[in-house]
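The values are calculated or read from the model by the stated rules, or taken from the named source; none is laboratory data. Because the structure is predicted, anything quoted here is derived from the model rather than measured. All Cβ positions, even for glycine, are placed from backbone atoms using ideal geometry, and neighbour counts span all protein chains on display. Please note that ligands, DNA and RNA were not included when accessible areas were found on the heavy atoms of the full protein model with its side chains. Shrake-Rupley method; radii C 1.70, N 1.55, O 1.52, S 1.80 Å.
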Amino acid sequence: MGALKDPTIKMIGMHGTGGVGKTTMVKEVGNVAKRDGVFDDVAIAVVSRNLDKKNVQGELAAQLLQNGKKNVVILEDIWDPLNLEEIGIRYTTDYGNKEGCCKVLVTSRKNLFHMMAPKAWTREFLIQSLEKKEARTLFMKTAEISVNSEKEMTSVEKAVGDECGGLPVSILAVAKALKGKESYA
């Protein structure tokens with residue numbers, strides 16, 4: 001949120017392994033920014049590996065571009081550097097302080113944001129997988145495993161949770177599937 005409020009930052013990039021929670025993070029940041037009045041509107045477009053510029057333009061235009069308001073544009077799943085002006089996203093020179101400004105949040109598995117905008121205009125965040133203890137806690141809560149500590153988990157519960165590699169998306173999917181099961185074997 002600090003980077004969104006910083007008037008000198010035009011683009012915020014979040015990168016990390018697939019399934020680590022980048023999408024969840026940027027959607028929540030967008031919701032909070034709109035709810036708190038930092039920005040008027042939030043638009044999201046999925047770019048993906050095979051960029052279809054017209055499709056991305058259509059998604060964004062349908063939501064808000066050129067509406068004269070302070071906007072946050074979220075571009076999901078960038079695989080290669082993207083020329084934002086080619087899809088109609090222009091940086092303003094008012095450093096985000098006036099109506100009609102636009103900030104861009106980008107998610108990618110790779111750190112490629114320095115190739116998309118001047119370094120002085122960007123802020124990058126690496127989203128890492130959860131530490132083993134955090135991952136096990138999320139697994140236990142989601143699967144509704146009633147134990148007082150990680151030490152009380154069975155070896156099977158630990159192994160199942162650990163196989164998810166600290167990736168919240170995997171942990172949540174597996175834990176929800178196992179919720180209420182008596183045995184994991």
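A few comments on the model shown:
- Listed by first and then second residue, the pairs linking a residue in region 70-97 that is under 21 Å from Asp40 (Cα atoms) and open to solvent by 80 Å² or more (accessible area, probe 1.4 Å) to a residue that is modelled with pLDDT of 80 or more and hydrophobic (A, V, I, L, M, F, W, C), with Cβ atoms under 8 Å apart and 6 or more places separating them unless they lie on different chains, are Arg90/Leu84.
Residues are listed down the side, and each one gets a yes or a no for (1) part of a helix (DSSP H, G or I); (2) modelled with pLDDT of 85 or more:
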position	(1), (2)
Phe125	no, yes
Lys158	yes, no
Gly165	no, yes
Ala177	yes, yes
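- Contacts under 7 angstrom Cβ, first residue in region 29-53 being touching a residue at least 60 places away in the same chain (Cβ under 8 Å), partner surrounded by fewer than 17 Cβ atoms within 10 Å (Cβ to Cβ), 6 or more apart: Val29/Met1
- Test: residue in region 23-33 that is of a type in the set (Gly, Ala, Ser) and more than 19 Å from Leu126 (Cβ to Cβ): yes
- Flag for Lys110 being over 23 Å from Ile44 (Cα atoms) and surrounded by fewer than 18 Cβ atoms within 10 Å (Cβ to Cβ): no
- Residue count for region 125-154, restricted to those that are open to solvent by 60 Å² or more (accessible area, probe 1.4 Å) and over 14 Å from Lys176 (Cα atoms): 12
- Any pair with Cβ under 8 angstrom, 6 or more apart, that starts in region 168-185 at a residue that is open to solvent by less than 60 Å² (accessible area, probe 1.4 Å) and ends at one that is among the acidic types (Asp, Glu) and modelled with pLDDT under 90: Val174/Glu163; Tyr184/Glu157
Rundown of residues vs (1) modelled with pLDDT of 85 or more; (2) closer than 24 Å to Gln57 by Cα; (3) assigned to a loop (DSSP other than H, G, I, E, B), yes/no style:
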site	(1), (2), (3)
Thr92	no, yes, yes
Glu99	no, yes, yes
Thr107	yes, yes, no
Asn111	yes, yes, yes
Gln128	yes, no, yes
Glu134	yes, no, no
Ile145	no, no, yes
Glu182	no, no, yes
Ala185	no, no, yes
